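Comments concern the structure below.
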Amino acid sequence: MFQVRIHGRGGQGVVTAAELLSVAAFGEGRHAQAFPTFGSERTGAPVVAFCRIDDKEIRLREPITDPDAVIVQDPTLLHQVDLFVGLGTEGYLLVNTSRSFAELGLDEFVRRFRAERLLTVPATEIAREHLGRPVPNAVLLGSFAALAGVVSLESVRAAILEKFPGETGRRNVAAAEAAYAHTQHEIGAPSPA
Amino acid sequence: MPTRSTRSGRRALRRQMEGSQAVAAAVARCRPEVISAYPISPQTHIVEGLSDLVRTGELAPCEYLMVESEFAAMSAAIGASAAGARAYTATASQGLLYMVEALYNASGLGLPIVMTVANRAIGAPINIWNDHSDSMSQRDSGWIQLYAETTQEAVDLHVQAFKLAEELSLPVMVCMDGFILTHAYEAVDVPTQEQVDAILPPFEPRQLLDPDEPVTIGAMVGPEAFAEVKYLMHAKQMQALDLVPEIASEFSQAFGRSSGGLIHPYRSADADTIVVALGSVLGTIEEVVDELREQGVKIGAVGIRCFRPYPLEEIRASLQHARRIVVIEKAFAVGIGGIVGQNVRLALSGLGAQVHDVVAGLGGRAITKRSLHRLLADALGDRLEPGRLTFLDLDWELVERELRRTREKRRSGPHAENILRDLGVVASGSH
């Protein structure tokens, strides 16, 4: 089972991101379960959503406490929420920011993880460019497809178009593809380790 | 029209979708003719989905009534049902409480309304998250109560519920865990129109307000016959004990999957210890059972699918060989303890099994595998005090601090605010 936890703020499409990821996994013939933290949602408030992916039926109904991957849609949450709790040293970490882990003051912290599994990606900028709006969720899924390879870009693309037919979907697909290419380029670079 | 049926045919494929949307689609295929509802979390997405289907004409003929309250929602459903329309509504929590008077009228009159309850806690303190306090408070309202374990089962139970309701002329509540199931995105098989039509015939009411053959419904009945009419309510509900498994079996033959029924035993046939529960927590419990089985523990689970009428004999038969029963329930009766636990004890009367009542998952507190393992280790090690109500994961320090405050100071203030202050919580959240 592969477990993903997505952090962000109300309005950033956090719940939708988890749902899209589950649709992408389902499209690959896998079992997937996405669910939100069920808070009193309001714009700007911290929001968490989860997605489990497995090759067999998923019966578990508890929140994800030991994620294999964490996606952070809003880096300003760093000082507000314990974003990395439960993430093991083999875990994947994707943070939406135009800055580096060092610039975020996380260089010490990220040393415990595998360098090739961690990435910051300027998802808001990519979203602005392709959507005209700072909604980073689909962008991050494109990036996640390249970073973790748990779902393919093709499945992410199909999931976006299933949920958002028409222009919105096409623009989000373009943004996800751009993020995928950006991420491939980033992780394609010689590993610092 | 041909386009529509082709489309709905294709949609029969298993799809990744939200539980609420899946239920809305399934209810629509049951062809309700009147839907009256008032939105309340976590049920809202279901009636939103249905109102969309009515607006687009995909669900037709159907009258969608956006009423001004839950009392009105149930009252309109009663009127519609009495006039011969297949009627549906959905609610949760305070919304269910607000319609209580009308609930008893629906069951007392024997009107086959189907209602989804997206299970949610009851205030005060106000809480939007999941537990079973709402539907459990209405367990004796005369409604049949079915509890879904998965979103797929919630979908399937709605199809079965209309059939059951109309066969018996009794209202049926389909209970599904709020948020945990209503807001989960999972693969669901929504039955096609053709499949539903094949199993659910058009509504043929047993009583009808018909201008051509006028009758009245809702007579005042005095001491001369009140008990008899009430007895018939009971006798009719008890018939569901035969009909629920019959319909479940017919369903599984038609759909090739098993959903519903009275109870669902899981690895319990040779178990010394059996966990009993209702609803979505059974999934997590089954995972824990598997892990303990791997360690050689003879443990199993029994899920109660139909809580009213209460399948006493089936529950007795499924538990009688066990030494220890752990009932995990998401509600409790203040001043006495477990609700499901009392019912289980009744089913086991005269037998020697130890029944432990465990209250868990109140107000959205997650029931985790870790907590269940700890609880069951205590149960297996005979460390659960017999006869004492156990609260899973209760923060005793927090409780003790507030009890101390009430002892030390007359004007100690409201519990909820005091405890939130102790926790340093500003805005309440589930995590």
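Nothing in this text is a laboratory measurement; each read-out follows from the coordinates by a stated rule. Keep in mind it's a predicted model, so treat the numbers as computed, not measured. No Cβ is skipped: glycine too gets one built from the backbone with ideal geometry, and neighbour counts run over all protein chains shown.
In table form, for the structure just shown:
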quantity	calculated
Environment charge at residue B:346 (Cβ cut-off 15 Å; Lys +1, Arg +1, Asp -1, Glu -1)	-1
Range in chain B, longest, excluding exposed trypsin sites (Lys or Arg not before Pro) [loop by DSSP; at most 13 other beta-carbon atoms within 10 Å]	B:15-205
Nearest-20 debye value, the protein assembly as shown charge dipole, Cβ charges on Lys, Arg, Asp, Glu	980
Calculated P(r) tail over 22 Å for the range B:265-391, as whole % of Cα pairs	26
Linear extension gain, residue B:241 paired with residue B:385, 0.36 nm per residue minus alpha-carbon span	48.5 nm
Average partner coverage of A:28-35, which counts Cβ from other chains inside 10 Å	4
Directionally averaged projected area (convex hull, Cα atoms, the range A:2-188), nm²	9.8
Percent RCO, i.e. relative contact order, over chain B, from Cα pairs under 8 Å lying at least 6 residues apart	15
Partner chain coverage, peptide A:56-68 - average Cβ within 10 angstrom	5
Calculated over the range B:185-230: convex hull of Cα atoms, volume per residue (Å³)	210
Per DSSP, loop chymotrypsin sites (Phe, Trp or Tyr not before Pro) in the range A:84-175 with at most 12 further Cβ within 10 Å	none
Within chain B, longest stretch clear of exposed GluC sites (Glu not before Pro) (DSSP loop, no more than 16 other Cβ within 10 Å)	B:225-431
Environment charge of residue A:145, counting only residues whose C-beta is closer than 12 Å and scoring Lys/Arg +1, Asp/Glu -1	-2
Stokes-Einstein D for the range B:20-111, Kirkwood Rh over Cα pairs, 37 °C, 0.692 mPa s (µm²/s)	254
Dimensionless Rg/Rh of the protein assembly as shown - Kirkwood Rh, Rg from C-alpha atoms	0.99
Three-way shape call for the range A:67-157 based on the alpha-carbon gyration tensor, with the a/c threshold at 1.5	oblate
Within the range A:94-152, trypsin sites (Lys or Arg not before Pro) in DSSP loop having at most 12 other beta-carbon neighbours inside 10 Å	A:111, A:112
Within straight-line cross-link reach of residue B:163, lysines at Cα separation under 20 Å, skipping those fewer than 8 residues along the same chain	B:236
Rounded to 5, the percent of DSSP beta bridges in chain B classed as antiparallel	25
Alpha-carbon gyration tensor eigenvalues x 5, square-rooted, for the range A:14-56, Å	24, 9, 5
Linear extension gain, residue B:140 paired with residue B:69, 0.36 nm per residue minus alpha-carbon span	23.3 nm
Förster radius 45 Å - calculated FRET efficiency between residue B:418 and residue B:272, Cβ distance, rounded to 0.05	0.55
Per-residue ³J(HN,Hα) for the range B:364-380, Karplus 6.51 cos²θ - 1.76 cosθ + 1.60, θ = phi - 60°, Hz, x for Gly and Pro	x, 5, 5, 9, 9, 4, 4, 5, 5, 4, 5, 4, 6, 4, 5, 5, 5
Estimated 222 nm signal from helices in chain B, with DSSP H stretches of n ≥ 4 weighted -39500 (n - 2.57), rounded to 500	-13500 deg cm²/dmol
Sites residue A:186 and residue A:103, calculated FRET efficiency, Cβ-Cβ separation with R0 25 Å, nearest 0.05	0.95
Fraction of antiparallel bridges per DSSP, the protein assembly as shown only, in percent to nearest 5	35
